[in-house]
1. In this structure, does residue B:245 turn out to be over 16 Å from residue B:304 (Cα atoms) and not assigned by the TED database to the domain that holds residue B:114?
2. Against the condition more than 11 Å from chain A (Cβ to nearest Cβ), within 16 Å of ligand 1 (Cβ to nearest atom) and not acidic (Asp, Glu), how does residue B:153 come out, does it pass?
3. Residue B:24 passes all but one of (1) more than 7 Å from chain A (Cβ to nearest Cβ); (2) surrounded by fewer than 20 Cβ atoms within 10 Å (Cβ to Cβ); which number fails?
4. Just to be sure, is residue B:131 modelled with pLDDT of 95 or more, within 16 Å of ligand 6 (Cβ to nearest atom) and open to solvent by less than 10 Å² (accessible area, probe 1.4 Å)?
5. Could you tell me which residue of the stretch B:81-133 is nearest to residue B:10 (Cα to Cα), considering only residues that are more than 7 Å from every other protein chain (Cβ to nearest Cβ) and free of Cβ contacts under 8 Å to residues at least 40 places away in the same chain?
6. Test of understanding: among B:230, B:184, which residue is at negative phi and without any contact (Cβ under 8 Å) to a residue 24 or more places away in the chain?
7. Every residue in the stretch B:111-147 that is of a type in the set (Val, Ile, Thr) and within 16 Å of ligand 7 (Cβ to nearest atom), please.
8. Looking for something open to solvent by 10 Å² or more (accessible area, probe 1.4 Å), in contact with a Phe, Trp or Tyr (Cβ under 9 Å, 6 or more places away or on another chain) and within 29 Å of residue A:50 (Cβ to Cβ) - is there at least one such residue anywhere in the stretch B:148-155?
2 protein chains.
Amino acid sequence: MEDKILLAHGSGGKLYRRLVNEVFLPAFQNPVLAKLEDQANLTVPKGNIAFTTDSYVVNPLFFPGGDIGKLAVCGTVNDLAVGGAKPLYLSVGFIIEEGFSLSSLRDIVNSMKKAAEEAGVEIVTGDTKVVEKGLADGLYINTAGIGVTREGINLSSTNAQPGDLILLSGTIGDHGIAVMAAREGLTVMSPVLSDVAPLNGMISDLIDAAPGVRVMRDPTRGGVATTLNELAAASRVSMKIYETEIPVREEVASVCEIFGFDPLYVANEGKILAVVPKDQADDALRALRQHRYGRNAAIIGEVTAGNPGKVYLETAIGGSRVIDMMAGEQLPRIC
Amino acid sequence: MEDKILLAHGSGGKLYRRLVNEVFLPAFQNPVLAKLEDQANLTVPKGNIAFTTDSYVVNPLFFPGGDIGKLAVCGTVNDLAVGGAKPLYLSVGFIIEEGFSLSSLRDIVNSMKKAAEEAGVEIVTGDTKVVEKGLADGLYINTAGIGVTREGINLSSTNAQPGDLILLSGTIGDHGIAVMAAREGLTVMSPVLSDVAPLNGMISDLIDAAPGVRVMRDPTRGGVATTLNELAAASRVSMKIYETEIPVREEVASVCEIFGFDPLYVANEGKILAVVPKDQADDALRALRQHRYGRNAAIIGEVTAGNPGKVYLETAIGGSRVIDMMAGEQLPRIC
Ligand SMILES: Nc1ncnc2c1ncn2[C@@H]1O[C@H](COP(=O)(O)OP(=O)(O)OP(=O)(O)O)[C@@H](O)[C@H]1O
Ligand SMILES: Nc1ncnc2c1ncn2[C@@H]1O[C@H](COP(=O)(O)OP(=O)(O)OP(=O)(O)O)[C@@H](O)[C@H]1O
Ligand SMILES: [Mg+2]
Ligand SMILES: [Mg+2]
Ligand SMILES: [Mg+2]
Ligand SMILES: [Mg+2]
Ligand SMILES: [Mg+2]
Ligand SMILES: [Mg+2]
């Protein structure tokens, strides 16, 4: 096969079939996809289903700790998992720029395969389009995901109640800073790795340990600050978080300082925020910390009454300030 | 709101929320989407489900008879319907170029809303990313779709049997030629309209009338010729189609002649091919013709034994030639 993607690879003809048969099928291999029908025919266990989608336009495509392929699987898996669903099946849509390297495509596809394996999901249907040189930035990926809803839990962003505690599963800003550093060609002593990871296993452990959990979110674009603002508004409560309790890597903090970013607004791709009833918070924290992706988990604050929608940060020096939703664009094309 | 899309509209912060709340939610409105959770929680009737995806990169975004929004709904609805599923829910992912006109975005979203209404599907989850000026061509859309599989039918591209008849639901090449003409700024006497339409209603009527139908396909990229080649290969049969029986609009035929296209390879977005047992073919044809999208339906050929994978065209002047799968790219960015 050519070593570059041609416009003809998107035509639906012979080259397209070869691309599907030689690159996508062998990586994603499963009997449903292999039929190459117009749609995947799936059996879902009895119950309700969850459905979500994200497109990925991260720049650069490869960054320390991951690449767009891993991101495209994990991001969608995590959006299913935070809703309490068990992720089962993904679709994938590629939009590829003419001239893109076939070996980079293979690397990305391979990375999707590995992430899907770890998450226990199957890529069962796909699509591939090619656009002229210059009209995309290498490639863009969309994934959509289907999961089955776990019974007996009640998760909703409207559920947070005064007295609940707010848990964060680890350090913030790792993904955003890793991507930014790679984009700007920053050479730092200890490079920051993206935290991109499939969190469905950890989330499942958390639910087992704290079945009363009110709501979970993955603080992606807009970071922890934006996500907490959304939750506070949806639940008509206020929130108080403690600066000293929020885990931030030193390297992340220093890059943020240099560039004038606030880590609270920087995107994460391997973290969750969870609001948990006070009496289950210790169990929840223990469950998170026992998981490889939650080792640095912490209780970072609490849900409070009054001033619905407001989020307050108690600073290290004892002050308190309002943390608003992100206003402009801090870091574009981060996911 | 600004009248142009800014990078900050993709940041996940305030402007993003406004875009979602003011543009997408009001158009797609439904209680599931309105919750703005990370995932849509859905109830599916008992049975198996079908899942499919397509990305849409058509150029230009607006063309006679439709636009990228209508296409993005109909294309995915049709991929579910040809598999015998009742389409229920769609996801939508937008990748928008910085600077894109907000009023064009509203038009596209409105067109999606209308197509979804006609098809009887709901857009229940979405995502919006923005890339820098120049790195997309206005916008790209991905949709994924979920449907429930109809019981008691058995559709598969491996099912075609010698003796079966091949039905086509109407004129070929309308979509590809409409888009190409719009792209090239062709001014013709009677402009060709794209056939883009949701076909689930017509397909459901066809199944009622001919429950023994073996396989259906929407002959999109690569056209009727490529689709028949795929079916012939999958079923290990040959096929014979009659040039004189294949409905082609005069305008389409003349544009094809001028540009040296073969309408058999031009994309359709509102047509199906169906392979039907001989004794149900008349009922199937009647059902198609009674539907507004199938008025020009015809029996265009038959499934034959021997030479597995080969498709033959009996020409108007009595010759016979092999119709291969499309080789290069005939018309890029047609869907
Ligand atoms: N990147 C990919 N990864 C996995 N499977 C893919 C990929 N691209 C295409 N496929 C699979 O290849 C088959 C053919 O896809 P194709 O997009 O041609 O079908 P279609 O959607 O019916 O046509 P069109 O895209 O022209 O509407 C499908 O079964 C699809 O799932
Ligand atoms: N174009 C759109 N049409 C309909 N709904 C949309 C659209 N874009 C976003 N949404 C909805 O807005 C809400 C927030 O979407 P958002 O993409 O911010 O969530 P997320 O996927 O969790 O975050 P990220 O994309 O940063 O991973 C979701 O409920 C989503 O369904
Ligand atoms: Mg199809
Ligand atoms: Mg997401
Ligand atoms: Mg497709
Ligand atoms: Mg999310
Ligand atoms: Mg399709
Ligand atoms: Mg999203």
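1. yes
2. So residue B:153 does not fit the description; no.
3. (2)
4. Criteria not met by residue B:131.
5. By that ranking, first place goes to B:133.
6. Residue meeting the stated conditions: B:184.
7. Those that are of a type in the set (Val, Ile, Thr) and within 16 Å of ligand 7 (Cβ to nearest atom): B:121, B:141, B:143, B:146.
8. Within the stretch B:148-155, not a single residue is open to solvent by 10 Å² or more (accessible area, probe 1.4 Å), in contact with a Phe, Trp or Tyr (Cβ under 9 Å, 6 or more places away or on another chain) and within 29 Å of residue A:50 (Cβ to Cβ).
The values are calculated or read from the model by the stated rules, or taken from the named source; none is laboratory data. Since this is a predicted model, take the numbers as computed values, not measurements. Please note: Cβ atoms are built from the backbone with ideal geometry, for glycine as well, and neighbour counts cover all protein chains shown. Heavy atoms of the whole protein, side chains included, go into the accessibility calculation; ligands, DNA and RNA do not. Shrake-Rupley method; radii C 1.70, N 1.55, O 1.52, S 1.80 Å.
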